Amino acid sequence: MDNTKNILLGHGSGGKLSHDLIDGIFTKHFKNPILDQQSDSAIIPINSKNLAYTTDSFVVDPIFFPGGNIGNLAIAGTVNDLAVSGAKPLYLSVGFIIEEGFPICDLEKIVVSMAMDAQEAGVKIVTGDTKIVDRGKCDKIFINTSGIGELEDKYLNVGSGSGVAPGDKIIINGSIGDHGMAVMAARNELNIQTHIESDCACLNNMISKATSSSNGIKFMRDATRGGLGTVLSELVKDSDYGISIDEDKLTVSESVRGLCELLGFDPLYVANEGKVVMVVSEDDANKVLESIKESPFGKEASIIGEISKDHQRMAWLNTSVGGRRVIEMLSGQQLPRIC
């Protein structure tokens, strides 16, 4: 772990500081074979079946933003963590920490949106908890969700990507940076007006169609905190291969690109809440791509690059002007409280 003596906002960025905190404190003291997998869901063998189990907490500011609210994030984030692990999401728990004085009408709006998203995703909210804290002891409302799903044996390595090999293609299901920039624009102190909406969505049905169309999907990860750049850096970190992606193949809306330029952010590292990164065998890449495009959440899907036997343990971006740059893990703080 680094020499920082106190927790910083950057420790929640999903980048290098987050990894240092996880490796230096949590995995060091909680170490066990299941936790050591460090995928989006823990894979737990029970009798003859495999269960996928995940948990997440949501502290987004503001709690209502264009395209969703903290409740939508809570359902989508946990459903997607199960789905990208290859599991079929089944059951969720929901825990609320609510500040005294929070409007009950806002709470109901959040709960209604959660119920609707859970129903559309085909999951059931089966247990929960509510705590109320003194005024000023919590910023409006925080939500924790945990989820359980079933995992077939053939998807056991999808979360770790252990089967990834040179020649495999990299697919993402649409534009990047929408969620992070939508939340940033909604923050009152910035006073920015844009047409950007969060991409927050449950992707399990789209992913299920993709996995049904092919046995060639070798890795999946949702590009949330730290964005696409951090996902690629994590994938290649301890590997014997490299990654090469093309900037021209990445979709970034003009509104997102403009706001990123205004605020000094790189879209590669901006959070998404409705994007999955897949590594697929070369033979099946087009088949999977067409399957994803049938979903409303995958209409802009594209093959953005490939796994390479060159520049091992490094991810490279081939820029639109003919240059190349290394894609490193996000370092420091970029967008605090984005989910």
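Laboratory data are not the source of any read-out in this text; all were calculated from the coordinates shown. For clarity, every value in this text was computed on a predicted model and none was experimentally measured. Neighbour counts run over all protein chains shown; Cβ positions are idealised from the backbone, glycine included.
Give a quick list of trypsin sites (Lys or Arg not before Pro) in segment 28-118 that DSSP marks as loop, anything other than H, G, I, E or B, with at most 10 other Cβ atoms within 10 Å.
On the way: sites: Lys28, Lys31, Lys49, Lys109; in loops: Lys31.
Here the sparse-neighbourhood loop sites are Lys31.
Rounded to a whole number of µm²/s, how large is the Stokes-Einstein D of segment 169-327 at 25 °C and 0.890 mPa s, given Rh as the Kirkwood radius over C-alpha pairs?
This corresponds to a translational diffusion coefficient of 153 µm²/s.
Find out how many positive minus negative residues lie around Ser213, taking Lys and Arg as positive, Asp and Glu as negative, among other residues whose Cβ is under 12 Å from that of Ser213.
Residues close to Ser213 contribute a combined charge of 0.
Whole number please: convex hull volume per residue, Cα atoms of segment 121-244, in Å³.
Per residue, the Cα convex hull of segment 121-244 comes to 181 Å³.
Amide H to amide H, which residues 5 or more places from Gly174 or on other chains are under 5 Å from it, using H placed in the peptide plane?
Residues meeting the criterion, in which the H sits 1.01 Å from N, are Ser302.
List, in order, the whole-Hz ³J(HN,Hα) value for each residue of segment 270-277 obtained from phi through the Karplus relation with A = 6.51, B = -1.76, C = 1.60 and θ = phi - 60°; use x for Gly and Pro.
Coupling constants for segment 270-277: 8, 5, 10, 10, x, 10, 10, 9 Hz.
Compute the orientation-averaged projected area for the chain from the convex hull of its Cα atoms and round it to one decimal in nm².
Mean shadow area of the hull around the Cα atoms is 17.6 nm².
Estimate the FRET efficiency between Ala115 and Glu294 by the formula 1/(1 + (r/R0)^6), using the beta-carbon distance for r and 30 Å for R0, to the nearest 0.05.
0.70
Suppose we keep just the alpha-carbon trace of segment 20-61; what are its Rg and Dmax in angstrom?
12.8, 42
Do any of Lys5/Lys109; Lys249/Lys287; Lys109/Lys249; Lys124/Lys249 go past 28 Å between their Cα atoms, and which?
Lys5/Lys109; Lys109/Lys249; Lys124/Lys249, as the Cα separations exceed 28 Å there.
Could you derive backbone 3J(HN,Hα) for segment 131-146 from the dihedral phi with the Karplus parameters 6.51, -1.76 and 1.60 (θ = phi - 60°), listing whole Hz in sequence and x where the residue is Gly or Pro?
10, 10, 10, 4, 3, x, 9, 7, 8, 6, 7, 10, 10, 10, 10, 10
What is the P(r) of segment 1-116, as percent of Cα-Cα pairs per 5 Å bin from 0?
Once binned at 5 Å, the Cα pair distances of segment 1-116 give 2, 9, 16, 17, 18, 16, 12, 8, 2, 0.
Arrange Met314, Met206 by Cβ neighbour counts within 10 Å, fewest through most, would you? Show your work: numbers first, answer last.
Numbers: Met314 19, Met206 23.
Ranked by crowding around the Cβ, least crowded first: Met314, Met206.
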